[in-house]
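Novice: Take this structure, written in structure tokens, and hold onto it; I'll ask about it next.
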Amino acid sequence: MSRERLDIDICVREAELGDAAALASMLSGFTGLATTTAQVETRLQRIRGLELVLVAEVEQRLVGFGCLACLPCVGEE
């Protein structure tokens with residue numbers, strides 16, 4: 001199998017409210033649950049400071065996302 005190197009600029013940044021429509025579409029495909037733009041907007045506002053949502057862009061188009069949530073742990077302070 002040959003490997004081809006792609007010359008693509010990828011931008012990874014924190015998600016913004018303006019990303020809600022694209023995120024809703026990706027989340028619907030990922031979870032199999034219908035997710036609306038309004039739901040994602042509300043969730044992004046609600047989780048601010050609790051969860052970090054990163055998006056990946058290629059040519060100003062969202063192509064992926066990732067989330068990081070830190071939770072308290074009973075085993076540590």
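Novice: Does Ala15 satisfy the criteria of being closer than 16 Å to Phe65 by Cα and open to solvent by less than 80 Å² (accessible area, probe 1.4 Å)?
Specialist: The answer is yes for Ala15.
Novice: Another question, if that's okay. Any chance you could count how many residues in the range 47-60 are modelled with pLDDT of 95 or more and closer than 26 Å to Pro72 by Cβ?
Specialist: Count: 3.
Novice: Mind listing whichever residues of the range 44-54 are part of a strand (DSSP E or B) and open to solvent by 80 Å² or more (accessible area, probe 1.4 Å)?
Specialist: Those that are part of a strand (DSSP E or B) and open to solvent by 80 Å² or more (accessible area, probe 1.4 Å): none in the range 44-54.
Novice: Does Val63 count as modelled with pLDDT of 95 or more, within 20 Å of Val12 (Cα to Cα) and open to solvent by less than 70 Å² (accessible area, probe 1.4 Å)?
Specialist: In short, no.
Novice: Give Glu76, Glu57, Glu41 a once-over and let me know the one that is acidic (Asp, Glu), surrounded by 11 or more Cβ atoms within 10 Å (Cβ to Cβ) and not in a helix (DSSP H, G or I).
Specialist: Result of the check over Glu76, Glu57, Glu41: Glu57.
The values are calculated or read from the model by the stated rules, or taken from the named source; none is laboratory data. Because the structure is a prediction, the values reported are computed rather than measured. Cβ coordinates were reconstructed from backbone atoms using ideal geometry, including for glycine residues, and neighbour counts include every protein chain displayed. Accessible surface areas use protein heavy atoms only, side chains included; no ligands, DNA or RNA. Shrake-Rupley method; radii C 1.70, N 1.55, O 1.52, S 1.80 Å.
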